[in-house]
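Here is the structure we will look at.
The values are calculated or read from the model by the stated rules, or taken from the named source; none is laboratory data. Keep in mind the model is a prediction, meaning the values are calculated, not measured. Neighbour counts are summed over all protein chains in view; Cβ atoms, including those assigned to glycine, are modelled from backbone coordinates with ideal geometry.
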Amino acid sequence: QSMNITVNSYAPLGAPDVEANGFHNWPYVLPQNPIAMTIGKKYSKSGAQVWLRWQYQQGIVLNPRTLNIDHMKENMDIFDFELT
């Protein structure tokens, strides 16, 4: 970013195929991270929305992966709060 290069976050919340590739020993996936969930409660947002908003505030282009319409809507609902 300091060299005017756009940073793109592909699958910023993880991908459903991670477990299939042998990473099933992870203690939690990003949206269920206890810290993100605690912060989310402060803003009435989900852990996923906290992660997406944090990346957005860093100037990162987000490309979350989902086929779920509800998740798509939730992913877009990150513009009415700011992490401090």
Problem - Residue selected from the range 51-84 under the condition under 11 Å from the mean Cα position of the chain (by Cα) and in a loop (DSSP other than H, G, I, E, B), by the criterion farthest from L30 (Cα to Cα) - result: I78
Practice task
Identify, from the list V29, V18, the residue that is modelled with pLDDT under 85, more than 15 Å from E74 (Cα to Cα) and buried (at least 16 other Cβ atoms within 10 Å of the Cβ).
Solution key: V29
Practice task
Considering only the range 38-50, state which residues are hydrophobic (A, V, I, L, M, F, W, C) and at pLDDT 95 or above.
Solution key: I39, V50
Exercise for the section: Please verify whether the range 75-83 includes one or more residues that are crowded, with 16+ Cβ neighbours inside 10 Å and touching a helix residue (DSSP H, G or I) at 6+ places or on another chain (Cβ under 7 Å). Expected result: yes
